[in-house]
Amino acid sequence: QERLWYLDQLEPGDVAYVVSLALRLEGPLDRASLERALQEIVRRHEVLRTTFISASGKAVQVVHPEMTITLPVTSLTEVDGEAQELRLRSELAAESGRSFDLAEGPLCRARLFALAPERHVLSLSIHHIVSDAWSAGVVSRELAALYEAFSQGRPSPLPELPLQYADYAAWQRGWLSGEALEAQIAYWKTRLEGAPRALDLPADRPRPPVPTHRGSRRGFALTPDLSRALIELG
C-alpha cells in the first residue's frame, strides 16, 4: 500500500493500478438486492472503506465507519448484436480508465449495463491499493452469496470477519523487521548483484521519459511440446 501510494504521488490520477472485473448476469435481476449486496461487501471489508492521506510525507490509512457505493445503470438496449458488444467493451474500457482519488475515496465503484430485460453486465473497478486479483475472487463469491440471500428475503449468510486486512498488514510489518528483514535484503542483494539497471530491449521508438501505459495485446498459439517445455523450465 505504501508503494502504490508513493506511485500515486508521482503520477496522480494514473490508472495503471485500477483492478477491473466484469460479471455477466443472466435472468431476472433484482437491482435493489444487488446494490444491497455490494454495500454489504463494503461494510464487511474495512479495506474498501479506507482512504489514504499524507501525514508528514508518509501514507496514513483512514478507515471510515461508513462509505456508500452506488450502482448507476447504463442502458445499451438501443443497440444489439455485434454493435452492442462493441459498445459494451468501449464502456467497460472507459470505466477501467477512470482514476481514483486515494485521499477522498471510495476506492471502489460499480456500474450496471443493461443489455436486455434479462441480460446485464456488472462492472466493478477497485484501486489496487485495496484489492488484487485474489480479492476479486473473494468479491465475486461473496456477491453471489449475498445477492441470493437478499433477493430471497433472507439475511446475510456470511459470518463476520475475525480479522481485517489492516490486521494482516500490521502483523506482516511487525514480522518484517530486524533479522527477518536483514535476511530478506541480503538474499535479494545477492540474487540481483550485477543485474542491469534497465532492460533495454530493441524497440522501434525510444523509451518515453514518463510511461504512458498505452499498449496493445497480440495473441498467438504455442505447440503442446513447447508449452510443456516452458512449464518444465518455469
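FYI, it's all coordinate maths here, none of it is from the lab. All figures in this text were calculated on a predicted structure; none of them were measured in a lab. So basically every Cβ, Gly included, is an ideal-geometry build from the backbone, and we count neighbours across all protein chains shown.
Annotations
- Simple spin-label estimate for A203 and R3 in nanometres, 7 Å along Cα-Cβ: 2.1 nm
- Given charges at Cβ of Lys, Arg, Asp, Glu: the stretch 1-149 dipole, positive-most of L4, L92, A32: L4
- Between A145 and W175, the FRET efficiency estimated from the beta carbon spacing at R0 = 30 angstrom works out to 0.40.
- Gain upon complete extension [V60, R89; 0.36 nm per residue less C-alpha separation]: 6.8 nm
- Model label points for D132 and A32, set 7 angstrom from Cα along the Cα-to-Cβ axis, are 3.9 nm apart.
- Here the Kirkwood formula, the inverse mean of 1/r across different C-alpha pairs, assigns the stretch 31-166 a hydrodynamic radius of 16.4 Å.
- Fluctuation leader among E26, E11, E193 - the chain, Gaussian network, Cα springs under 10 angstrom: E193
- Gain upon complete extension [A186, A16; 0.36 nm per residue less C-alpha separation]: 58.2 nm
- Under-5 Å amide H pairs with T74, H placed in peptide plane, nonlocal only: L112, F113, A114
- The chain, dipole about Cα centre (Lys/Arg Cβ +1, Asp/Glu Cβ -1), debye to the nearest 20: 320 debye
- Take the Kirkwood radius over Cα pairs of the stretch 115-234, plug it into Stokes-Einstein at 10 °C and 1.306 mPa s, and you get 74 µm²/s for translational diffusion.
- When only alpha carbons of the stretch 4-85 are considered, Rg and Dmax amount to 17.7, 54 Å.
- Within the shell defined by Cβ-Cβ distances under 11 Å, the residues around V73 carry a net charge of +1, with Lys and Arg each +1 and Asp and Glu each -1.
- Dipole of the chain, positive end: most advanced residue of Y168, G57, P208 [Cβ charges, Cα centre]: P208
- The angle separating the long axis of helix 31-44 from the principal Cα axis of greatest extent in the chain is about 40 degrees.
- Amide H partners (placed H, <5 Å) of I53, local residues excluded: V60, V62
- Panel values: the chain, Kirkwood radius from alpha carbon pairs, Stokes-Einstein at 37 °C and 0.692 mPa s, translational diffusion coefficient 154 µm²/s.
- Under Karplus coefficients 6.51, -1.76 and 1.60, residue-wise ³J(HN,Hα) of the stretch 63-71 in Hz, glycine/proline x: 8, 8, x, 9, 7, 9, 10, 9, 10
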